[in-house]
Amino acid sequence: MAQQNDKQKPEAEFRAGLISASVWRNEMQQDGQTVVRYSIRPQKRYRKDDGSYTDTETYFPEDLPKLILVIQKSYEFTTLKERKDRDEAVPV
């Protein structure tokens with residue numbers, strides 16, 4: 001039995017400064033088979049005036065290169081992971 005404080009964790013996370021992208025694994029049923037799909041959540045974390053941290057989905061133009069980088073790394077991870085999972089599922 002899982003404890004209440006057990007939370008699902010991302011499959012991977014890529015960071016560049018305040019910008020990050022989390023990769024989430026999602027299993028679903030399709031045509032009687034379990035299919036794995038990945039979703040990617042980009043975000044920016046910053047410190048507010050009161051010292052607490054908060055997340056935003058708003059970016060300044062100078063944030064865009066870092067956003068592109070973490071999304072590219074997330075894409076590479078999911079593409080290679082899906083291929084590896086497919087290759088492992090095929091009997092040799």
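Tabulated data
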| read-out | value |
| --- | --- |
| Pair list, Cβ < 6 Å and 6+ apart or interchain, from region 72-92 residues that are modelled with pLDDT under 70 to residues that are open to solvent by 90 Å² or more (accessible area, probe 1.4 Å) | none |
| Selection within region 38-52 - without any contact (Cβ under 8 Å) to a residue 40 or more places away in the chain and within 21 Å of residue 12 (Cβ to Cβ) | 39, 40, 41, 42, 43, 44, 45 |
| Residue list for region 66-76, filter: open to solvent by less than 80 Å² (accessible area, probe 1.4 Å) and polar (S, T, N, Q) | 74 |
| Selection count, region 77-87, where residues are open to solvent by 70 Å² or more (accessible area, probe 1.4 Å) and within 19 Å of residue 23 (Cα to Cα) | 5 |
| Region 1-11, subset open to solvent by less than 100 Å² (accessible area, probe 1.4 Å) and farther than 18 Å from residue 75 by Cβ, residue modelled with the lowest pLDDT | 2 |
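The values are calculated or read from the model by the stated rules, or taken from the named source; none is laboratory data. For clarity, every value in this text was computed on a predicted model and none was experimentally measured. All Cβ positions, glycine included, derive from the backbone under ideal geometry; neighbour counts span all protein chains shown. Heads up: the accessible areas ignore ligands, DNA and RNA and are worked out on the full protein's heavy atoms, side chains in. Shrake-Rupley method; radii C 1.70, N 1.55, O 1.52, S 1.80 Å.
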